Amino acid sequence: MEARQFKPYFIVIGLMVLTSLLLAYTVDVHMTGEAGIQVALPEHITEWTGKEVRYCQNPKHQGTYLAQDIPDRDACPDCGHELYMMSIDERRILPSDTAILKKYYEHPAGQAVTASIVLSGADRSSIHRPQLCLTGQGQEIVREWTHTVDLDGRGPLKVVVLDMLRRGRMQDGREFEHEFYYAYWFVGKGRETHSHVMRMFWMGFDRIVFNVSHRWAYISVSGSRDSKTGEYVGEIDNFIQAMYPEMALR
Ligand SMILES: [Zn+2]
């Protein structure tokens, strides 16, 4: 591994030491409710139409639904349990004041993507490395790479793309493999990065230099992936280019 790859870690460690010293001698860091983006997923994004994803939190059922497809958006059509914006696992992991938005978008040409925005709450631990919760239970990361999305009127946006593979067994016993992707980046007030380490750096930097802690957002886009055609890369571009301007602060 090249030495420069270690550099951000040293900066983070340095900042952590500095932060603990400063915290010992100064007043509390000012927590702001400010986010760096418009926290909204509109129903229509250019040609894409979005439906809200609802989760049954009955531990024995855990069904997933699209709000528009069920009679009562707050009650599970199969078991009657309450429906929420996040899955049972997400609710278990995330602090209760974490805001989460998730929509399933369809394009008339047949593509579909799920977009989500997770906005950290007061304790700021809501956002962690996505790699941690995406693996396990027959799911693995085949490849992790950085992709650059060209955007109008500004420089390109860097996102991390995880090429994922899920292996499982169907009810009739046959095995299946499902290829999908998961692309993400982070946004803070006046900050944007695809790197988890850089996000940690900016959080520490803003705390120390400006004495503030903003609410960071973690934005993700996921969908099916055909490793033979690689067409999903164009789909990522198409969707993010449409979605990005919707999230810009006005
Ligand atoms: Zn249910």
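The values are calculated or read from the model by the stated rules, or taken from the named source; none is laboratory data. Please read all numbers here as calculations on a predicted model, not as lab measurements. Every residue, glycine as well, gets a Cβ built from its backbone with ideal geometry; the counts of neighbours run over all protein chains shown. Keep in mind that these areas ignore ligands, DNA and RNA; they rest on the heavy atoms of the full protein, side chains included. Shrake-Rupley method; radii C 1.70, N 1.55, O 1.52, S 1.80 Å.
Kindly state which strands (runs of 3 or more DSSP E) lie completely within region 152-250 and contain at least 1 residues that are open to solvent by 40 Å² or more (accessible area, probe 1.4 Å) and closer than 20 Å to THR98 by Cα. Outline the logic, then answer.
Numbers: elements: 157-169, 175-188, 191-193, 212-215, 217-224.
Result: 191-193, 212-215.
If a residue must be open to solvent by less than 70 Å² (accessible area, probe 1.4 Å) and within 11 Å of the ligand (Cβ to nearest atom), how many such residues does region 58-68 contain?
Residues meeting the conditions: 4.
Whether any residue in region 90-97 is within 12 Å of the ligand (Cβ to nearest atom) and among the polar types (S, T, N, Q) is what I want to check.
Checked region 90-97: no residue is within 12 Å of the ligand (Cβ to nearest atom) and among the polar types (S, T, N, Q).
Any idea which of VAL17, VAL27, VAL39 is assigned to a loop (DSSP other than H, G, I, E, B) and at pLDDT 70 or above?
After ruling out the rest, the residue left standing is VAL39.
Out of the residues in region 101-110 that are touching a Ser or Thr at 6+ places or on another chain (Cβ under 9 Å) and surrounded by fewer than 18 Cβ atoms within 10 Å (Cβ to Cβ), state the one that is farthest from TYR182 (Cα to Cα).
PRO108
Can you pull out the residues in region 163-194 that are of a type outside the set (Val, Ile, Thr) and within 16 Å of GLY36 (Cα to Cα)? Step through it out loud before you land on a result.
Start the filter on region 163-194 by keeping residues that are of a type outside the set (Val, Ile, Thr), which leaves 163-186, 188-192, 194.
Across region 163-194, the qualifying residues are TYR184, TRP185, PHE186, GLY188, LYS189, GLY190, ARG191, GLU192, HIS194.
Please go through region 128-151 and pick out each residue that is of a type in the set (Gly, Ala, Ser) and surrounded by 10 or more Cβ atoms within 10 Å (Cβ to Cβ).
Narrowing region 128-151 to residues of a type in the set (Gly, Ala, Ser): 136, 138.
Listed by number, the list holds a single entry, GLY138.
Only residues in region 174-188 that are under 11 Å from SER227 (Cβ atoms) count as the first member; pair them with residues that are of a type in the set (Phe, Trp, Tyr) and surrounded by 22 or more Cβ atoms within 10 Å (Cβ to Cβ), Cβ under 6 angstrom, at least 6 apart or cross-chain, and list the lot.
Correct list of pairs: TYR181/TYR232.
Taking the conditions exactly as written (in contact with a Phe, Trp or Tyr (Cβ under 8 Å, 6 or more places away or on another chain) and more than 16 Å from the ligand (Cβ to nearest atom)), does TYR84 satisfy them or not?
For TYR84, the condition - in contact with a Phe, Trp or Tyr (Cβ under 8 Å, 6 or more places away or on another chain) and more than 16 Å from the ligand (Cβ to nearest atom) - is not met.
Any idea which residue in region 69-81 is farthest from the chain's Cα centre (by Cα), counting only those that are loosely packed, with under 13 Cβ neighbours inside 10 Å and more than 8 Å from the ligand (Cβ to nearest atom)?
That would be PRO71.
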